[in-house]
Amino acid sequence: SILSKSDICFTSYTMHAIISKKNTRISIRLSPIIAQIIVIISFLSLYYNYRFLKGTSSELDGRFPDEWATASWGDDHTAEWVKKIDGKSVVWHWHFYSKIKIKKQISRTLLVAQYTGWDDVYFGFTDITEVANRAYAKRWNHDYVRMNGVAFGDFAGYNKAEVLRIAMKKKVYDAVILLDADAVIVDLDQNALDLIPESMLLTAHRVKRSDESYTTNINNGVTIWNLRHENMSEVNGLWIDRIIKEDNLKKNRRKLGYGDRRYPSDQKELHLVLGQYADKDREKMINAIETKHFFYSEGTFVKHVVRSEQNWDPSEGLLKRKKILEDEVQKVCEKWKGACENLEV
């Protein structure tokens, strides 16, 4: 802890401590050199905490997990982080728009996050949607991150849980909005944090309007997570555990020569995790909204252009979905003049 003048007597170099239970006073005689060392360490600690909270290019590595090996800095506001998982690269592209004072800072910090595998249709979708999503982040002084690669097994959809783990670990952000590759923010004036009450764990679209507001039947392609919620760490841990177990089961079936036609589903695993909680607990955790903010391709804040329910093939309707996403991004860039420019700054 940081010592004040009341803690150290600079003239006599005597440190005093009060033991409250016995209300006794203990004096410890320190040499001038030791007393000065303590003062210097205290001021260095204060300076370090100030620099970290204020944010500079040299301290921004505090936003990354300790296990990442290398970083390449573009400037004060961008960075690229690379990690090898099972011999394959996972690359994180960070844009620290929170360091650019464009809009008045709001009370809570938000990370806008996307994720995709390598060389698949969703990689191309992310190239399209990240323009509007980064424009939103920059407009609101929120950081943006794009994760390329696969954190668990061979399914990029599981990356959601890893993004949450990383964001939560560094304790920089209050909330995270997770956006699938085919999800694009179309209203740059909407404050995303207005949609996640501080008392709730997550906000997502309610699949069936007849369900309760705390139903587990939610679309997790667009979600806002409250990283400060008391159940955040537990839910994320349980989600990752289920993902790893499911991936190991799939690998074992392959080794034994069995086929596995089940399509991996991060959403199914999340539903099962949330379903472990009693209704009274989920009432304080899940904010399953029935408004049109995240209402798939009709969303008023985020449009999520998903596949048809009858076809799980990611290439199904590819050209049509690609055109819709391109059109939506163009509309955003035209409506908010200049918002899509200079995104590398």
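Looking at the stretch 153-230, which trypsin sites (Lys or Arg not before Pro) are DSSP coil and have at most 11 other C-beta atoms within 10 Å of their C-beta?
Sparse-neighbourhood loop trypsin sites (Lys or Arg not before Pro): Lys171, Lys208, Arg209.
Chymotrypsin sites (Phe, Trp or Tyr not before Pro), restricted to the stretch 148-202: which are DSSP loop and have at most 10 other Cβ atoms within 10 Å? Could you put the intermediate results ahead of the total?
Working: sites: Phe152, Phe155, Tyr158, Tyr173; in loops: Phe152, Phe155, Tyr173.
For chymotrypsin sites (Phe, Trp or Tyr not before Pro) across the stretch 148-202 that sit outside H, G, I, E and B with at most 10 neighbouring Cβ atoms in 10 Å, the list is empty.
Determine the order of Glu326, Glu198, Glu269 by accessible area, beginning with the largest, at a probe radius of 1.4 Å. Numbers along the way, then the final one.
Numbers: Glu326 70, Glu198 135, Glu269 0 Å².
Descending order: Glu198, Glu326, Glu269.
Which entries in Lys303/Lys335; Lys88/Lys320; Lys245/Lys268; Lys83/Lys170; Lys84/Lys170; Lys250/Lys284 show an alpha-carbon gap greater than 23 Å?
On the way: Lys303/Lys335 16 Å; Lys88/Lys320 31 Å; Lys245/Lys268 13 Å; Lys83/Lys170 17 Å; Lys84/Lys170 20 Å; Lys250/Lys284 34 Å.
Cα-Cα > 23 Å for Lys88/Lys320; Lys250/Lys284; rest within.
Lys245: accessible area at probe 1.4 Å, nearest 10 Å²?
Approximately 140 Å² for this residue.
Provide the solvent-accessible area of Ser89, counting protein heavy atoms only and rolling a 1.4 Å probe, rounded to the nearest 10 Å².
Rounded to the nearest 10, the figure is 40 Å².
Mind grabbing the accessible area of Ile243 for me, 1.4 Å probe, Å², rounded to tens?
Here the residue's solvent-accessible area equals roughly 0 Å².
The values are calculated or read from the model by the stated rules, or taken from the named source; none is laboratory data. Here the structure is a predicted model, which is why all the values come from computation and not from measurement. Heads up, the Cβs are rebuilt from the backbone with ideal geometry, glycines too, and the neighbour counts pull from every protein chain shown. Accessible surface areas use protein heavy atoms only, side chains included; no ligands, DNA or RNA. Shrake-Rupley method; radii C 1.70, N 1.55, O 1.52, S 1.80 Å.
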